[in-house]
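None of the figures in this text is laboratory data; all of them are computed from the coordinates on show. What you see is a predicted model; the values in this text were computed from it and never measured. Positions of Cβ are generated from backbone atoms using ideal geometry, with glycine treated the same way; all protein chains shown enter the neighbour counts.
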Amino acid sequence: MDLSGIATVVGLAGSITTITAQALDLTAYEPDRIHLAKLSPEAHRESALALLHATTTERAALGYMHPGRVDVIGAGALVWHEVLGRVLESSPDAQVVTSEHDILDGIALSCAE
């Protein structure tokens, strides 16, 4: 798959917002700081690896970590790390923007129209 020419990758949903909170070094979950945060793929990949390698106890102690995500963030972090790695191979200047809004918001908007 050709991923060249990508300028921006938009990440959304729980794993990505949690990785963004890690990258922003937040002590609590702050949706206003996470929404539309622009970071490099490298920053996201480093944060994904940090969460992947953290113990369950370490993850649970993070103020921004939702309790239901403690046991599953590793899988999401691994997938995101690999997706961004593929993007970087072909689009090294790409940036990542995180959205607090997801597909359900888009579906609701489409239905309202």
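For this structure, a couple of remarks:
- Consider region 43-71 and keep the residues that are touching a residue at least 12 places away in the same chain (Cβ under 8 Å) and surrounded by fewer than 17 Cβ atoms within 10 Å (Cβ to Cβ). The one that is farthest from the chain's Cα centre (by Cα) is Thr56.
- On the stretch given as region 56-87, residues that are part of a loop (DSSP other than H, G, I, E, B), among the aliphatic types (A, V, I, L, M) and under 17 Å from Thr98 (Cβ atoms) total 2.
- Selection count, region 24-42, where residues are among the small types (Gly, Ala, Ser) and under 18 Å from Met65 (Cα atoms): 2
- The residue of region 10-33 that is surrounded by the fewest Cβ atoms within 10 Å (Cβ to Cβ), among those that are touching a Ser or Thr at 6+ places or on another chain (Cβ under 8 Å) and among the aliphatic types (A, V, I, L, M), is Val10.
- Scope region 88-98; condition outside any loop (DSSP other than H, G, I, E, B) and of a type in the set (A, V, I, L, M); matching residues: Leu88, Val96, Val97
- Matching residues in region 1-33 - criterion: being part of a loop (DSSP other than H, G, I, E, B) and among the aliphatic types (A, V, I, L, M): Met1, Leu3, Ile6, Ala7, Ala13, Leu24, Leu26, Ala28
- Options Val79, Val83: the member that is surrounded by 16 or more Cβ atoms within 10 Å (Cβ to Cβ) and closer than 23 Å to Ser4 by Cα: Val83
- Of the listed requirements (1) crowded, with 18+ Cβ neighbours inside 10 Å; (2) part of a loop (DSSP other than H, G, I, E, B), Leu36 misses just one: (1).
- Residue match in region 47-54 (condition: of a type outside the set (A, V, I, L, M, F, W, C) and assigned to a helix (DSSP H, G or I)): yes
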